[in-house]
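J.: Below you'll find the structure I mean.
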Amino acid sequence: MYLLVLILALAVGVMFIQIGLGKTSAPAESEPSPTEMLIGGDKDEGGCLIGAGYSWCETLQQCVRPWETPCEAATPEATESGGL
């Protein structure tokens, strides 16, 4: 009886180890399918990541975060005086 319990316990232990090893293995790298919705990947017409707070600044010709880099239109005075 003791031998039967020992064999059964070993079998259950091996089973749990195999299940545990299956969960820890790294999944294969794969490209997301077009039907999967990626959260935070939305871009505006300039290609700027909206979810990260970026928007296209036409004046600077780059993506900016308005609270970090103000995007101000060039004033006529600045363009007439050569920017000085």
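What follows draws every value from the coordinates through simple rules; no lab data is involved. Keep in mind that what you see is a predicted model, and the values were worked out from it rather than measured.
J.: In terms of modelled amide H atoms, which long-range or inter-chain residues lie less than 5 Å from the amide H of Lys43?
T.: Hits under the 5 Å cutoff: Ile50.
J.: How large is ³J(HN,Hα), in whole Hz, for each residue of the range 55-70 in order, when computed from phi with the Karplus curve 6.51 cos²θ - 1.76 cosθ + 1.60 and θ = phi - 60°, using x for Gly and Pro?
T.: So the J values, rounded to whole Hz, are 9, 6, 9, 5, 5, 8, 6, 7, 7, 9, 9, x, 7, 9, 10, x.
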